[in-house]
Amino acid sequence: MSWTRRAGRRSAGTALAVCALLAAAAGCGSRGADESPEGTSSTSAGRPLGTGDEDGRRHREAAAGHPLAVGVEVQPDDAGGWQVRLTVRGFRFSPPGTAPSARGGRGTAHLFVDGRPVAHLHGPDFRLAAAFVPRGTHHVTARLHADDGAVWTVDGRPVQSTADITSSGPLPGNGGHGAPDRGGRRS
């Protein structure tokens with residue numbers, strides 16, 4: 001069993017968004033005069049907002065017509081940890097070493113457990129060690145960031161998703177790893 005929170009933001013122009021995603025995935029379409037060689041519009045980098053998050057990170061509003069969304073799925077693995085898989089819409093992960101400037105729909109994802117940062121992701125998959133998820137119920141949150149460090153927002157709200165997971169913690173005498181029960185929780 002897995003715990004999933006799907007990308008929840010839907011725009012009024014769903015059909016338009018689907019067409020835009022298909023065109024971006026196929027790498028087709030014509031380039032306008034304001035686009036960079038990579039095919040991202042200089043105007044699509046969104047606009048910086050005067051607000052920030054609880055950690056003081058700036059917010060950057062995604063450009064109109066460029067909807068961003070993230071979903072997170074967390075499943076227990078055989079080694080006692082957790083496999084985290086992100087699904088993104090309207091977003092591309094930037095490789096390590098990318099210049100710290102915002103480009104529309106590009107960047108990294110930050111992973112948090114119960115509000116504490118645990119990873120900075122350049123791709124959709126991550127193995128979360130059991131040490132980050134002690135006994136109890138926890139909130140695993142993925143939040144999208146631009147390459148300049150700003151938090152991507154849509155309608156002023158951070159583009160993020162949270163999955164709740166429950167760990168029963170390690171059992172004494174089994175090497176510190178709990179075996180998943182039928183519900184996918186660690187016993």
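The values are calculated or read from the model by the stated rules, or taken from the named source; none is laboratory data. Remember, predicted model here, so these are calculated numbers, not experimental data. Neighbour counts run over all protein chains shown; Cβ positions are idealised from the backbone, glycine included. For accessibility, only protein heavy atoms count, side chains too; no ligands or nucleic acids. Shrake-Rupley method; radii C 1.70, N 1.55, O 1.52, S 1.80 Å.
Taking region 83-122 as the region of interest, how many residues are in contact with a Phe, Trp or Tyr (Cβ under 8 Å, 6 or more places away or on another chain), assigned to a loop (DSSP other than H, G, I, E, B) and hydrophobic (A, V, I, L, M, F, W, C)?
Total meeting the criteria: 1.
Please work out which residue is farthest from HIS59 (Cα to Cα), limiting yourself to region 158-173 and to residues that are in a strand (DSSP E or B) and over 14 Å from the mean Cα position of the chain (by Cα).
Among residues in region 158-173 that are in a strand (DSSP E or B) and over 14 Å from the mean Cα position of the chain (by Cα), the one farthest from HIS59 (Cα to Cα) is SER167.
If the Cβ limit is 7 Å and pairs must be 6+ apart or interchain, which residue in region 45-67 that is modelled with pLDDT under 80 pairs with which residue that is of a type in the set (A, V, I, L, M)?
Filtered contacts from region 45-67: ALA45/ALA102; GLY46/ALA62; GLY46/ALA63; GLY46/ALA102; PRO48/ALA150; ASP53/VAL151; ARG57/ALA150; ARG57/VAL151.
Against the condition over 22 Å from GLY56 (Cβ atoms) and open to solvent by less than 60 Å² (accessible area, probe 1.4 Å), how does VAL140 come out, does it pass?
Numbers: over 22 Å from GLY56 (Cβ atoms): yes; open to solvent by less than 60 Å² (accessible area, probe 1.4 Å): yes.
Criteria met by VAL140.
For (1) in contact with a Ser or Thr (Cβ under 7 Å, 6 or more places away or on another chain); (2) surrounded by fewer than 18 Cβ atoms within 10 Å (Cβ to Cβ), each residue gets a yes or a no:
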site: THR87; (1), (2): no, yes
site: PRO96; (1), (2): no, yes
site: ARG103; (1), (2): yes, no
site: HIS120; (1), (2): yes, yes
site: ALA129; (1), (2): no, yes
